[in-house]
Amino acid sequence: MIELTRTNDAVFLSWLTMRLEEEDVDAVVLDTYTAIAEGSIGAIQRRGMVADDDLARARFVLQEATNL
């Protein structure tokens, strides 16, 4: 698995995960528990991970999302 993005924005990460699923890209969010346990002060960011084979499609979806 490769890190696609790292963010404190849980809403954006949830939306991105949904968009990736629409494009048949399996995504996993790591560090959610740790980010919550540290009090959500922003020290620990959640990571959006995708399979190596899906990285190109995932980057395209991410680029579309950030250009909106």
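Think of segment 1-41 as a dipole: +1 on every Lys or Arg Cβ, -1 on every Asp or Glu Cβ, centred on the Cα centre; then among Thr17, Leu4, Thr32, Thr32 lies furthest on the positive end. From the coordinates of this entry, semi-axes √(5λ) of the Cα gyration tensor in Å is computed, and it appears in (1) 20, 11, 10; (2) 21, 13, 9; (3) 23, 19, 10 under the label (2). Assuming charge only on the beta carbon of Lys and Arg (+1) and of Asp and Glu (-1), the dipole of the chain about its Cα centre is about 300 debye to the nearest 20. Working from Cα pairs under 8 Å separated by at least six residues, relative contact order for the chain is 44 percent. Rounded to the nearest 10 degrees, the angle from helix 10-22 to the longest Cα principal axis of the chain is 20 degrees.
Taking Cα atoms, how many degrees apart are the long axis of helix 55-66 and the longest axis of the chain, rounded to 10 and kept between 0 and 90? Once rounded, the angle reads 70 degrees.
Pairs of Cα atoms in segment 29-68 fall into 5 Å distance bins, from 0 up to the last occupied one, in shares of 5, 22, 17, 16, 17, 17, 5 percent.
Applying both filters, DSSP loop and at most 16 other Cβ atoms within 10 Å, to the trypsin sites (Lys or Arg not before Pro) of the chain eliminates every site.
Share of carbon and sulfur in the accessible area of the chain stands at 52%, probe radius 1.4 Å.
If each DSSP helix of 4+ residues adds -39,500 (n - 2.57) and the sum is divided by the residues in the chain, what number results at 222 nm, nearest 500 deg cm²/dmol? That comes out to -13500 deg cm²/dmol. Relative to the current alpha-carbon distance between Ala43 and Trp15, full extension at 0.36 nm per residue lengthens the span by 7.9 nm.
The values are calculated or read from the model by the stated rules, or taken from the named source; none is laboratory data. Predicted model, so just to flag it, every value in this text is computed and none were measured. Cβ: placed from backbone, ideal geometry, glycine included. Neighbour counts: every protein chain shown. Each accessible area value is taken on the protein alone, full model and side chains, heavy atoms only, with ligands, DNA and RNA left out. Shrake-Rupley method; radii C 1.70, N 1.55, O 1.52, S 1.80 Å.
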